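Peer 1: This is the structure I want to talk about, given as structure tokens.
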Amino acid sequence: MIKQVSLDLEKGFFVALLGPNGAGKSTLLKCILGLLDAKGTILIDGDDMSGLADIDAARLRAAVLTDKVYPFNMTVREIIALGRYPHQLGFRENATDRKIVFDAAETLGVNELLDSRFANLSDGQKQKVLIARAIAQKPKVLILDEPATHLDANARIEILLKLREIARQNKITVLASMHEIEIAYRISDRIIVLDNGSVVACNHPEKIFENKMIDTIYQNKNSTWNKIFGTMEIKCVKNEPLVHVVAGFGTGIPIYRYLARKAIPFSTGMLDRIDVDYCLAASVASKTFSNDAPYLPLTYDSEILEYLRHARLILDSGFPVTAQTRPNMYLLIDLAKLGIPVVSLRSTTEIQRLNLNAQKTTISELQDITSKLEINTM
Amino acid sequence: MLSEKRHNKLAFITLFLIPLFLILGIVLGSVSFSANDIVQCVFESCDDTTADILWKIRLPRTVGSLIGGVGIAVSGLLMQSLFRTPLADPGILGITSGASLGVALLVMGGVSAGIGIALIGIEVLFVAALVGSFLTILLLLGLIRFVANTTTLLLVGLMISWIIGSAIAVLGILAQQQNLQLFYVWTLGSFAPTTIHSIYFMSFMIIPTIAASVIYYKRLDASLLGEDYAKSIGVNIKSLQKFSIILSSILVAAVTAVAGPVGFIGIAGPYMARLTSQSGSHKIIIPLTIVYGSLLTVVADISARLILRPVDLPITIITALIGGPIVIFMLVKKRGEGLSQ
């Protein structure tokens, strides 16, 4: 069920329609396409769609749907040429139609497949052909239902970027429902967020992603939207941390992701709040100790030592030791004194040079160390 | 374009084959004539028996099978587009059975009250067959909403055939001996009883119907993408469906009224058209289906006369031998033929 919806979309825009499964994305698109009955008006360039016959409407809007097509052994050329149907009055297609079909195929990069059978193509190629068919229709609005969902990572980006390019070059509105939030953030001119059949927002991506909206809509206690990176991150279970990571300058990011993946609760610090590690840690760690004094040497007090008294393992990420991060070395030494085992990703010589009481490890050996932790916590 | 040249070549070869088989259809049969006899009969004069066999029996029969083949093949093609599976065929889906039930009700169900099939005009038979086939397609189309894939559709068609078959059997038990025999002979299927009148009748029904489907070729192409896609490019699929139902039931009924149920040409004709053309557009497939449908049927008819000469076999025996393996092959090798599931 779709409740009251009012949208105003501009020419030349790539508009992403986001929302969880069951939010009503497909239903909304089908209403706009006239495939489902809905009350209200849809205007394209001032023309009221509800008053138009199918064939007249087909000159204004085209669709790429999620329906699988099995067109016997129609060729790619024949499929794309179907897009010319609403424009053809005569029995045969003329030279203009042929050129438009070829150009549409070229735009999507399937011009060499024109004489191939559609059934023999890969999923990505099939999707390109169906889009080319919609382009050949020369619509003012192009509507796509999850155009990239079943494609591999490369083809997904390729098709979505192509759609944005099509929107700009042909000065048409492209409206696509999608699940790729991260890509939508990067390529859309506008984003519509749909939840429970209502439009929650329709705005610039920056506006959409500046607050907690995405987290609220895609309610998931295991993941979180990271505003700074523009990525969906796996959240650490908010439990008593088992591991404490001492990191900085980005050396912590792979470790945080690793621990989050293994569902091992961890804390981290000290971190400068402008450190890239902090940007991730703040959203995924159980607890992050930080200083709000940009570029100045880090400081720590007894609070962190008290907090980590029962930690099972201290992990030194191998952060570069500078005037700013040197206090973290002292922190490592202090923590070792508490009797907590320390493992370091540094080389043996560096561990000796820094006078660290730590066991050398590598990111691949972390598996063994952390698996022991998990057994112990059982 | 390469494919266009190929299609022209194909059209040329196949069109050349039609007159060849027409001649063969006149020459070959249970009674053999020498080339000399025939040339004499065409250009000079010959005895009445020879003339009668050639012009009153073999010519109508051959022309009838050429035209009837076209009708059945194109009706198969329309059903394949309607149900979106290349395995649809009036025989397989039980539509021919529906037509037979119409005829059975007419001949044995007391409608004709003992007149007998031989005395019922072709037009009356046609109306009975048309009602039967039309209602069966409607039933199938209603059921297809609950049918998930091609295989289930075929099974549903098979069940409809069985159900109609038992209805016909009941009629047969209750019918008078003479009517039952006439009906039985009719169900075997043969173009042997074709007369000049029935050729006119079939042409009158089939030619405009096929012309209409050729005019609709783009819409038929669009329907292959599915209902929603078709609507999105401006094709009203609901009216196209009605159009296909009416046209294909007219085609089935016209041929069935003349020759009885002829199986498998509806699947074999379009199959060969797709196989040889490497195209899926009705612009190319309809003309090729016409050619292959008529060729296959005339070959089947000639074979029916020759295989156990002088016994004249029912044509369905031959068409099943051609079409049956094609259906099995398509079911086994689903890939690429556009079968969903």
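Peer 1: For the stretch B:258-271, what are the residues that are assigned to a helix (DSSP H, G or I) and in contact with a Ser or Thr (Cβ under 8 Å, 6 or more places away or on another chain)?
Peer 2: Those that are assigned to a helix (DSSP H, G or I) and in contact with a Ser or Thr (Cβ under 8 Å, 6 or more places away or on another chain): B:V258, B:A259, B:I265, B:G266, B:A268, B:G269, B:P270.
Peer 1: Right, here's the next one. Which one of B:L93, B:L77, B:L153, B:L125 is within 14 Å of chain A (Cβ to nearest Cβ) and buried (at least 24 other Cβ atoms within 10 Å of the Cβ)?
Peer 2: None of the others qualify; the one that does is B:L77.
Peer 1: Go through B:G324, B:G280 for me and flag whichever is over 16 Å from the mean Cα position of the chain (by Cα) and not hydroxyl-bearing (S, T, Y).
Peer 2: Exactly one of B:G324, B:G280 is over 16 Å from the mean Cα position of the chain (by Cα) and not hydroxyl-bearing (S, T, Y), namely B:G280.
Peer 1: Identify all residues within the stretch A:35-50 that are within 13 Å of another protein chain (Cβ to nearest Cβ) and over 23 Å from A:N170 (Cα atoms); write none if there are none.
Peer 2: Hits for the stretch A:35-50 are A:L35, A:L36, A:D37.
Peer 1: Answer yes or no: is there a residue in the stretch A:106-122 that is in a loop (DSSP other than H, G, I, E, B), open to solvent by 60 Å² or more (accessible area, probe 1.4 Å), at the interface with chain B (Cβ under 10 Å from one of its Cβ atoms) and charged (D, E, K, R).
Peer 2: Within the stretch A:106-122, one or more residues are in a loop (DSSP other than H, G, I, E, B), open to solvent by 60 Å² or more (accessible area, probe 1.4 Å), at the interface with chain B (Cβ under 10 Å from one of its Cβ atoms) and charged (D, E, K, R).
Peer 1: Kindly provide the set of residues from the stretch A:347-360 that are surrounded by 13 or more Cβ atoms within 10 Å (Cβ to Cβ) and farther than 26 Å from A:E306 by Cα, ordered by number.
Peer 2: A:E350
Peer 1: Take residues that are within 16 Å of the chain's Cα centre (by Cα) and tell me which of the strands (runs of 3 or more DSSP E) falling wholly in the stretch A:150-205 contain 1 or more.
Peer 2: Where strands (runs of 3 or more DSSP E) fall fully within the stretch A:150-205 and carry at least 1 residues being within 16 Å of the chain's Cα centre (by Cα), they are A:173-177, A:190-195.
Peer 1: While we're on this one: Evaluate the stretch A:299-322: report whether one residue or more is more than 30 Å from A:W225 (Cβ to Cβ) and of a type in the set (A, V, I, L, M, F, W, C).
Peer 2: Yes, because at least one residue in the stretch A:299-322 is more than 30 Å from A:W225 (Cβ to Cβ) and of a type in the set (A, V, I, L, M, F, W, C).
Peer 1: Among B:S294, B:S248, B:S279, which is within 12 Å of chain A (Cβ to nearest Cβ), crowded, with 20+ Cβ neighbours inside 10 Å and touching a residue at least 60 places away in the same chain (Cβ under 8 Å)?
Peer 2: B:S279
Peer 1: Cβ-Cβ under 8 Å, sequence separation 6+ or interchain: first residue in the stretch A:106-134 and within 24 Å of A:R61 (Cα to Cα), partner of a type in the set (S, T, Y) and part of a helix (DSSP H, G or I). Which pairs?
Peer 2: A:A132/A:T107
Peer 1: Quick one: A:S223 ticks every box in (1) over 30 Å from A:I44 (Cα atoms); (2) open to solvent by less than 40 Å² (accessible area, probe 1.4 Å); (3) touching a helix residue (DSSP H, G or I) at 6+ places or on another chain (Cβ under 6 Å) bar one, so which box is it?
Peer 2: Failing condition for A:S223: (3).
Peer 1: Only one of A:T268, A:T216 is hydroxyl-bearing (S, T, Y), modelled with pLDDT under 90 and either within 27 Å of A:A293 (Cβ to Cβ) or outside any strand (DSSP E or B) (or both). Can you tell me which?
Peer 2: Testing whether each residue is hydroxyl-bearing (S, T, Y), modelled with pLDDT under 90 and either within 27 Å of A:A293 (Cβ to Cβ) or outside any strand (DSSP E or B) (or both) leaves just A:T216.
Peer 1: Also: Taking only the stretch B:292-337 into account, find how many residues are part of a helix (DSSP H, G or I) and either out of contact with any Pro (no Cβ under 8 Å at 6 or more places or on another chain) or within 23 Å of B:G25 (Cβ to Cβ) (or both).
Peer 2: Number of matching residues: 32.
Peer 1: May I ask you to verify whether B:K231 is assigned to a helix (DSSP H, G or I), more than 18 Å from B:G94 (Cα to Cα) and touching a Leu at 6+ places or on another chain (Cβ under 7 Å)?
Peer 2: Against the criterion (assigned to a helix (DSSP H, G or I), more than 18 Å from B:G94 (Cα to Cα) and touching a Leu at 6+ places or on another chain (Cβ under 7 Å)), B:K231 qualifies.
Peer 1: Considering the stretch A:7-65 alone, what residues qualify as being buried (at least 16 other Cβ atoms within 10 Å of the Cβ) and of a type in the set (S, T, Y)?
Peer 2: Residues satisfying the conditions are A:S26, A:T27.
Peer 1: On the given criteria, is B:S232 hydroxyl-bearing (S, T, Y), free of Cβ contacts under 8 Å to residues at least 24 places away in the same chain and within 14 Å of another protein chain (Cβ to nearest Cβ)?
Peer 2: Here the answer is yes, as B:S232 does meet what is asked.
Peer 1: Shifting gears a bit: Residue by residue through the stretch A:51-103, note down the ones that are in contact with a strand residue (DSSP E or B) (Cβ under 8 Å, 6 or more places away or on another chain), part of a loop (DSSP other than H, G, I, E, B), at the interface with chain B (Cβ under 9 Å from one of its Cβ atoms) and within 17 Å of A:V141 (Cα to Cα).
Peer 2: A:L65
Peer 1: Applying the selection to the stretch A:301-338, what residues are open to solvent by 60 Å² or more (accessible area, probe 1.4 Å) and either farther than 14 Å from A:A247 by Cα or of a type in the set (V, I, T) (or both)?
Peer 2: A:D301, A:S302, A:E303, A:E306, A:Y307, A:R309, A:H310, A:R312, A:A323, A:K337, A:L338 - these are the residues of the stretch A:301-338 that are open to solvent by 60 Å² or more (accessible area, probe 1.4 Å) and either farther than 14 Å from A:A247 by Cα or of a type in the set (V, I, T) (or both).
Peer 1: Which one of these is within 26 Å of B:L331 (Cα to Cα) and assigned to a helix (DSSP H, G or I): B:G91, B:G69?
Peer 2: B:G69
Peer 1: Can you spot a residue in the stretch B:311-333 that is closer than 30 Å to B:N8 by Cα, polar (S, T, N, Q) and away from every other protein chain (no Cβ under 14 Å)?
Peer 2: Checked the stretch B:311-333: at least one residue is closer than 30 Å to B:N8 by Cα, polar (S, T, N, Q) and away from every other protein chain (no Cβ under 14 Å).
The values are calculated or read from the model by the stated rules, or taken from the named source; none is laboratory data. Here the structure is a predicted model, which means the values were calculated and not measured. Backbone-built Cβ (ideal geometry, glycine too); neighbour counts: all protein chains shown. Surface areas here come from the heavy atoms of the whole protein model, side chains and all, with no ligands, DNA or RNA. Shrake-Rupley method; radii C 1.70, N 1.55, O 1.52, S 1.80 Å.
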